[in-house]
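One structure below.
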């Protein structure tokens, strides 16, 4: 049974890239196909994978340039990436992984983190929303073209998987899947994190600096709490504006290795998560470090966190109801009146550990292949490489 893994691109560190790594751990001998690969800026564990890029990736590797030249060059390159000859293609995607060439008989399983945002939620892009008359016409024509392309390639998928209940109705609306969509929550690799046993001195944000991540909201809230320290780890297109708007109680870090990041998590007071995310791995990383989360109480955190509702020792998070500095400030002040149990928080994170995710993905793939070929699943199991969980 020949399996190929396909991921959109490997040019940064994010939750989707962690899912692709988990796919590798489930099927360690499967090659990983992708639009572009930047070893220096994605997870170093990909060095152990057989990564194969499109021609686009031979010339363009940075995240910025991948976005700049995605239309039309990246789309054309991905359509020319030949992944035929495999029995199963396991895709990790929000946009272009599903555009690859496959054999008609290939079983295609798509882990869809979200339908292509630019196509199916274009109003969430500030550039589109605030564009002038002429630009809006151009955007609408490009988006219309991409919508047909995206839906056409999505139709090749036999089975969809997604990360949360939040995304499920979007997949149904965009792609009208031919089979029931499975939900398998992404994992956190708890072995990468540790409990420090110390009381933290700062609040923490780990995020890309993009508009929807709401890092500016945290900056504004901490301007009104100058006695409290805030550490922000990340980079992105809004970095200059965010740093310019920050106060003296804010420290910025970037380029941390995994050990340094684990230490920053372990020694914080609490992790702040102000954005609306479909799922969100970073709150679980904080929990794996025994640290509680202060989160906007919508989206994926409803599936991963235990909110404070009277017993902080059996909670992993404090939620706030509105994405305003006043609501966040109130949540921070509530948090500081409570006591949390780091061991309980860590134990909760372990229920989302990578081993469980790898096992669920592996079982799903094997069972669907068996179903499509009339072969008992236990026989297929003997034909596939055993899972490796580091």
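Tallying residues that are closer than 11 Å to residue 11 by Cα and buried (at least 21 other Cβ atoms within 10 Å of the Cβ) within the stretch 38-60 yields 3.
Restricting attention to the stretch 247-281, which residues are surrounded by 14 or more Cβ atoms within 10 Å (Cβ to Cβ) and modelled with pLDDT under 95? Write out each step before concluding.
Applying the first criterion (surrounded by 14 or more Cβ atoms within 10 Å (Cβ to Cβ)) to the stretch 247-281 yields 249-250, 252-253, 256, 258, 261-281.
Scanning the stretch 247-281 gives 256, 258, 276, 277, 278, 279, 280, 281.
Within the stretch 323-347, if we keep just the residues that are without any contact (Cβ under 8 Å) to a residue 24 or more places away in the chain and either under 25 Å from the mean Cα position of the chain (by Cα) or surrounded by 14 or more Cβ atoms within 10 Å (Cβ to Cβ) (or both), the residue that is nearest to residue 203 (Cα to Cα) turns out to be 330.
When the strands (runs of 3 or more DSSP E) confined to the stretch 1-61 are screened for residues that are farther than 22 Å from residue 116 by Cα, those reaching at least 1 such residues are found at 3-7, 51-53.
For every residue, the table says whether it meets (1) modelled with pLDDT of 90 or more; (2) part of a helix (DSSP H, G or I); (3) on the phi > 0 side of the Ramachandran plot; (4) over 22 Å from the mean Cα position of the chain (by Cα).
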{"residue": "108", "(1), (2), (3), (4)": "yes, no, no, no"}
{"residue": "111", "(1), (2), (3), (4)": "yes, no, no, no"}
{"residue": "127", "(1), (2), (3), (4)": "no, yes, no, yes"}
{"residue": "131", "(1), (2), (3), (4)": "no, no, no, yes"}
{"residue": "136", "(1), (2), (3), (4)": "no, yes, no, yes"}
{"residue": "139", "(1), (2), (3), (4)": "no, yes, no, yes"}
{"residue": "144", "(1), (2), (3), (4)": "yes, yes, no, yes"}
{"residue": "149", "(1), (2), (3), (4)": "yes, yes, no, yes"}
{"residue": "153", "(1), (2), (3), (4)": "yes, yes, no, no"}
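Among the criteria (1) in a loop (DSSP other than H, G, I, E, B); (2) in contact with a strand residue (DSSP E or B) (Cβ under 8 Å, 6 or more places away or on another chain), the one residue 340 does not fulfil is (2). The number of residues in the stretch 72-105 being over 20 Å from residue 175 (Cβ atoms) and not in a loop (DSSP other than H, G, I, E, B) comes to 6. Scanning the stretch 307-322 for residues that are within 19 Å of residue 204 (Cβ to Cβ) and in a loop (DSSP other than H, G, I, E, B) turns up 308, 315, 316.
Screening residue 212 against (1) in a helix (DSSP H, G or I); (2) closer than 30 Å to residue 328 by Cβ; (3) touching a helix residue (DSSP H, G or I) at 6+ places or on another chain (Cβ under 9 Å); (4) not assigned by TED's automatic domain parsing to the domain that holds residue 275 leaves a single unmet condition, (4). Does the stretch 192-205 contain at least one residue that is crowded, with 19+ Cβ neighbours inside 10 Å, at pLDDT 95 or above and under 20 Å from residue 352 (Cβ atoms)? So far as the stretch 192-205 goes, yes, one or more of its residues are crowded, with 19+ Cβ neighbours inside 10 Å, at pLDDT 95 or above and under 20 Å from residue 352 (Cβ atoms). I'd like to check something: does the stretch 267-282 contain any residue that is assigned to a helix (DSSP H, G or I) and either in the same structural domain as residue 165 (by TED's automatic domain parsing) or within 17 Å of the chain's Cα centre (by Cα) (or both)? Yes: one or more hits.
The values are calculated or read from the model by the stated rules, or taken from the named source; none is laboratory data. Predicted model, so just to flag it, every value in this text is computed and none were measured. Because the Cβ atoms are built from the backbone with ideal geometry, glycine has one as well, and the counts that use them run over all protein chains shown.
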